[in-house]
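Laboratory data are not the source of any read-out in this text; all were calculated from the coordinates shown. The model shown is predicted, which means the values in this text are computed figures rather than measured ones. Neighbour counts are summed over all protein chains in view; Cβ atoms, including those assigned to glycine, are modelled from backbone coordinates with ideal geometry.
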Amino acid sequence: MPAHTPHPLRRRALGAALVVMPALWLGARAQQPAAPRRLLTPAQTEGPFYPIELPADTDPDLLHNGSRAPYRGGQPAWVDGTVSDTEGRPVAGAQVEIWQCDEHGHYHHPGDGNRADAAFQGFGRVTVGADGRYRFRTIRPVPYTGRTPHIHVKVKLGTRELLTTQLYVEGDPGNARDGIWRRLDDASRAAVTVPFERGSDGLQARFPIVVAA
């Protein structure tokens with residue numbers, strides 16, 4: 001028998017090992033826990049003040065409405081985050097819209113008498129890129145009669161509307177008195193209630209959005 005040819009018994013043992021090793025590897029993979037699915041951001045009512053006609057300026061900076069002087073009311077704040085699916089993958093191309101009242105509690109809407117400050121854009125939208133990130137410049141939301149401070153948020157993908165929800169301010173005393181906020185369970189409240197914290201660039205609120213895309 002040539003010196004380089006394995007003994008028949010060794011060949012059989014080697015073949016058995018090659019069969020068993022992939023099986024063991026596949027078995028180990030099967031035993032690994034699957035990555036946890038992310039909870040969907042809960043849906044909330046759209047409310048009566050979604051714009052009937054979108055403003056001429058719909059960019060992400062709500063403190064500059066067209067050629068008007070910058071809005072000086074309220075507390076300027078950044079609201080940013082990501083749009084992802086339940087597996088944590090960015091939803092590239094999703095469009096995020098926000099709308100809210102000015103510092104005096106008024107919306108740009110005929111149902112509110114169109115009393116909002118003209119310098120406040122009140123509505124903005126942005127299309128996210130491959131990383132799913134969005135960012136808005138606006139004000140910390142304020143309360144008005146019957147409602148705790150909130151910002152309305154809508155997410156679209158092409159012709160599909162994926163989510164309508166509301167963003168709340170963590171620790172605001174009005175939350176516990178707000179009927180819409182109270183109807184949420186604890187996990188859902190945590191998903192839509194975020195802190196507005198002082199950072200190097202002013203107030204910051206991070207709001208990750210998870211949708212069924």
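Computed quantities for the displayed model
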quantity	calculated
Computed E for Glu161/Ser200 - FRET, C-beta separation, R0 45 angstrom, nearest 0.05	0.80
Packing rank of 54-61, 76-83, where each peptide gets the mean count of other beta carbons within 10 Å, highest leading	76-83, 54-61
Two-site label geometry, Tyr50 and Ala212: point separation in nm, points 7 Å out along Cα→Cβ	1.8 nm
Net +/- balance of residues flanking Gly199 in space, Cβ distance below 14 Å, scoring K and R +1, D and E -1	+2
Tensor-based shape of segment 56-189 (alpha-carbon gyration tensor, a/c under 1.5 rounded, otherwise prolate or oblate)	oblate
Gyration tensor verdict on segment 139-213 (Cα atoms; rounded if a/c is under 1.5, prolate if a/b is larger than b/c, oblate otherwise)	oblate
